[in-house]
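A quick write-up on the structure given underneath.
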Amino acid sequence: MDDHVTIRKKHLQRPIFRLRCLVKQLEKGDVNVVDLKKNIEYAASVLEAVYIDETRRLLDTDDELSDIQSDSVPSEVRDWLASTFTRKMGMMKKKSEEKPRFRSIVHAVQAGIFVERMYRKTYHMVGLAYPEAVIVTLKEVDKWSFDVFALNEASGEHSLKFMIYELFTRYDLINRFKIPVSCLIAFAEALEVGYSKYKNPYHNLIHAADVTQTVHYIMLHTGIMHWLTELEILALVFAAAIHDYEHTGTTNNFHIQTRSDVAILYNDRSVLENHHVSAAYRLMQEEEMNVMINLSKDDWRDLRNLVVEMVLSTDMSGHFQQIKNIRNNLQQPEGIDRAKTMSLILHAADISHPAKCWQLHHRWTMALMEEFFRQGDKEAELGLPFSPLCDRKSTMVAQSQIGFIDFIVEPTFSLLTDSTEKIIIPLIEEDSKTKNSYGASRRSNVKGTVNDGTYSPDYSLASVDLKSFKNNLVDIIQQNKERWKELAAQGEPDLHKNTEGQVNAEENRVDTHV
């Protein structure tokens, strides 16, 4: 039997047992029609999952950059897109895609759609006291407009620690997986130290907190949290928190070109991403930071498989192949791969700042460009050619963002909304049919943050508004793109000076808090 289709006996025991029970009930003549229908549909879904997995076709390998070979895209921007979002420069492209494991498909079926979500407010659990300013800032954590910079200032440069603790509490992950609070706090603080190791303008603990909050928003407002299992929610929040741990502020290609230790260690393959997840797991080798200490062996293994896949999927050189794989997956009946969908959510959150309000987007852009420019400074010192967008004297910031939005951000969020629609719409329809059932009533108990006892937002499936979610993203992205076009038309006045000045001012402010 092929390695990628290892069907264990226990995976099929449940549908077999259900069908045998139905046979006995039929023999006795006391079959409930509703139960009969539900169990037959369940068995059919398992068989269909097996069929789809067995007949999945290998994806073709098309030219990933065929859409951007246009004279309207500046050559420097084309080079940046090619070097950052494909593996064509310096690496051989994989010829085949690893098949998804059957285990993940069966887990999806077994989980069902009636999964209880404990999403609650707890600001003062033992172990971490929230400053008043943090409480005020976190009132906005369920919003797309959430200002992570405000949280970082309110928390004294500990935005990641409070974001991790807040979401682990809201999703009841601490109780569900028996996570020692002291371990969680120690682990979060160690993450912050690692994120601050290289004093990066962009890839720092604020970025990690921002991506983690964005993942939360997507799960919450698309209804995806109703589709995910509790272990999958833990994996997604955890992966977001660690996804850039100990980032060096330089690109994978820089590591490869300079033959750095991590490039040698990971054989030039997803160098930084491998380090992020490996280093984070090494933290948990220490007993006082082992947040997963009470997971069962199966849960620990499944969680690790998910986290590794998600973090490695943040390697931007695999962007086009990732998008193509998921787009192809959507064309198949019931063809939703859970791990790949979770990876898409994390990837989208990782590149989401062009979909945020201009104030946040512009601030993130200036920080990222300064990080690029610092790499360019190092390249100049080493006698290496400038990587795309790394020459602070000539880089076209506005044009680079227009290209980034056109060819990376918009297609990613378009695919994200298409994927969530295919997943959630059937759940909403099922929920409307069974609103008086146990499952529906449990879902209606999903709670948001209740700050003063007067407001309790509805996060049930019935409240999900995918159209508004999509339209909001489209509108903001378009507005930001128009702003960049205006700046490009003006010749990008003083953008390079502003970039360095803003980042230096930010670093000076941060130093006063340390």
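The values are calculated or read from the model by the stated rules, or taken from the named source; none is laboratory data. Computed from a prediction, not measured in an experiment: that's the story for all the values here. Neighbour counts are summed over all protein chains in view; Cβ atoms, including those assigned to glycine, are modelled from backbone coordinates with ideal geometry.
Considering (1) modelled with pLDDT of 95 or more; (2) under 26 Å from the mean Cα position of the chain (by Cα), the lone condition that Q332 does not fulfil carries the number (1). In segment 362-376, of all residues being in contact (Cβ under 8 Å) with a residue 40 or more places away in the chain and among the aromatic types (F, W, Y), the one that is farthest from I224 (Cα to Cα) corresponds to F373.
Each residue in segment 331-361 was checked for being free of Cβ contacts under 8 Å to residues at least 40 places away in the same chain and either surrounded by fewer than 20 Cβ atoms within 10 Å (Cβ to Cβ) or out of contact with any helix residue (DSSP H, G or I) (no Cβ under 6 Å at 6 or more places or on another chain) (or both), and 2 pass. Return the residue satisfying two criteria in turn: it lies in segment 380-406 and is in a helix (DSSP H, G or I) and of a type in the set (V, I, T), and of such residues it is farthest from I351 (Cα to Cα). This residue is V397. Selection of first residues in segment 165-186 that are under 21 Å from L138 (Cβ atoms) and of second residues that are of a type in the set (G, A, S) and outside any helix (DSSP H, G or I), restricted to Cβ pairs under 8 Å at least 6 apart or on distinct chains, gives the following pairs, ordered by first then second residue: V181/G127; L184/G127; I185/G127.
I need the full set of residues from segment 213-245 which are within 22 Å of E421 (Cα to Cα), of a type outside the set (A, V, I, L, M, F, W, C) and not in a helix (DSSP H, G or I), in order please. G223, T229 - these are the residues of segment 213-245 that are within 22 Å of E421 (Cα to Cα), of a type outside the set (A, V, I, L, M, F, W, C) and not in a helix (DSSP H, G or I).
Evaluation of K121 against the conditions (1) part of a loop (DSSP other than H, G, I, E, B); (2) in contact with a Ser or Thr (Cβ under 6 Å, 6 or more places away or on another chain); (3) at pLDDT 50 or above shows that the sole unmet condition is (3). Residues satisfying the criterion are present in segment 193-200 (criterion: out of contact with any strand residue (DSSP E or B) (no Cβ under 7 Å at 6 or more places or on another chain), of a type in the set (G, A, S), more than 24 Å from T417 (Cβ to Cβ) and part of a helix (DSSP H, G or I)). Restricted to segment 351-380, and to residues there that are more than 21 Å from the chain's Cα centre (by Cα) and aliphatic (A, V, I, L, M), the residue that is farthest from F320 (Cα to Cα) is A380.
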